[in-house]
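Written out below as structure tokens is the structure these notes cover.
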Amino acid sequence: MKDFFLTQALYILGLKKTEDKLRIYNGYINYTLFDWILKNKISPALGYKILKKLKIYSAREMRNLFRETVIANKDLFDHPNTYFTSFGSPDIIFKSGNRLISDFRNSNREYENRIIPIWKIPSLPKDSNIIFFDDLVGTGRQSTDYIKEISALLNSSHKPFLFCICGTSEGLNLIATTTSFKVFASDTLQKKHDYFTHGDCHYFNIAEKNEINIKTDILKSRTANYNLGLLIAFEHSAPNNTIPLIWKDGFNYKQNLKERKWIALLPREY
């Protein structure tokens, strides 16, 4: 009966399509959007605008992007000395790169014999192309740090590439200009259109940006740096470059001297 009334409320409020979109995310719990707005005290107008721009890549959509990338780079992918691996430590099985290499295999079985664990790179033939997979390049700093870590695995003749589902123009440029990797993304994010809390992006008005920034400050830990203001998620995870109002589940904070706990729309742990 409760689900019936909540469903009716979705229709009345025009949020049925939004609820359906949120269910793309593996960790979304039905009707969480009500708690997310009401219990976190997000103004309805701001909540509506956030939900409108929130982009969640489904597994099907990501597999289609893999196929499109293969078609656009057919010579590279079909080369007998091209190999594929995940971008991220193989010991950390929850890293996005490990998830994406599995999806790539399932959508492009003709390449599965050339998918390798990262530790096999030193044994690859001379002049091999090595394509790494990841979901998002944000600032690019974390990616360049990881490239430095694995550079010892590559010999001077290897040609490394990084493919990501989406990446910021600044992050992609940082990798391209400071490392030996060539990097390409299916979707490139720009400040004007995708950095929603940035001064160059005018989707949110000043009052709405202030509300987002105030709540973001509440959710910051001492080492956090949420400065891109993205509204991106993948069916398996929400990256930390996305506005933390979306994913920072269970975070304890004080408001008006009262202890509260943040309810995430798309929690990372599920």
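The values are calculated or read from the model by the stated rules, or taken from the named source; none is laboratory data. Please read these numbers as outputs of a predicted model, since none were measured by experiment. No Cβ is skipped: glycine too gets one built from the backbone with ideal geometry, and neighbour counts run over all protein chains shown.
Descriptive notes on the structure:
- Restricting 165, 130 to residues that are touching a Lys or Arg at 6+ places or on another chain (Cβ under 8 Å) and not small (Gly, Ala, Ser) narrows the list to 130.
- Consider segment 28-57 and keep the residues that are of a type in the set (D, E, K, R), under 20 Å from the mean Cα position of the chain (by Cα) and in a helix (DSSP H, G or I). The one that is nearest to residue 163 (Cα to Cα) is 53.
- Residues in segment 248-260 include none that are surrounded by 15 or more Cβ atoms within 10 Å (Cβ to Cβ) and closer than 19 Å to residue 100 by Cα.
- Pairs are defined by a Cβ separation below 9 Å, a sequence spacing of at least 6 or placement on different chains, a first member in segment 198-210 that is farther than 15 Å from residue 47 by Cα, and a second member that is of a type in the set (Gly, Ala, Ser); the pairs so defined are 198/229; 201/229.
- Residue within segment 93-101 that is touching a residue at least 60 places away in the same chain (Cβ under 8 Å), out of contact with any helix residue (DSSP H, G or I) (no Cβ under 8 Å at 6 or more places or on another chain) and not hydrophobic (A, V, I, L, M, F, W, C) present: yes
- Complete set of residues in segment 177-188 that are of a type outside the set (D, E, K, R) and surrounded by 15 or more Cβ atoms within 10 Å (Cβ to Cβ): 179, 181, 183, 184, 185, 186, 188
- All of (1) among the hydrophobic types (A, V, I, L, M, F, W, C); (2) free of Cβ contacts under 8 Å to residues at least 24 places away in the same chain; (3) touching a helix residue (DSSP H, G or I) at 6+ places or on another chain (Cβ under 8 Å) hold for residue 72 with one exception: (3).
- Test: residue in segment 246-266 that is of a type in the set (A, V, I, L, M), in the same structural domain as residue 50 (by TED's automatic domain parsing) and within 17 Å of residue 135 (Cβ to Cβ): yes
- Pairs meeting the criteria (first residue in segment 158-170 and closer than 20 Å to residue 102 by Cα, second residue among the charged types (D, E, K, R), beta carbons under 6 Å, at least 6 apart or on different chains) are 161/182; 164/134; 165/135; 166/187.
- Flag for residue 181 being at negative phi, under 23 Å from the mean Cα position of the chain (by Cα) and not assigned by TED's automatic domain parsing to the domain that holds residue 81: no
- Top-ranked residue of segment 45-60 - restricted to ones that are surrounded by fewer than 19 Cβ atoms within 10 Å (Cβ to Cβ) and over 16 Å from residue 266 (Cβ atoms), ranked as modelled with the highest pLDDT: 49
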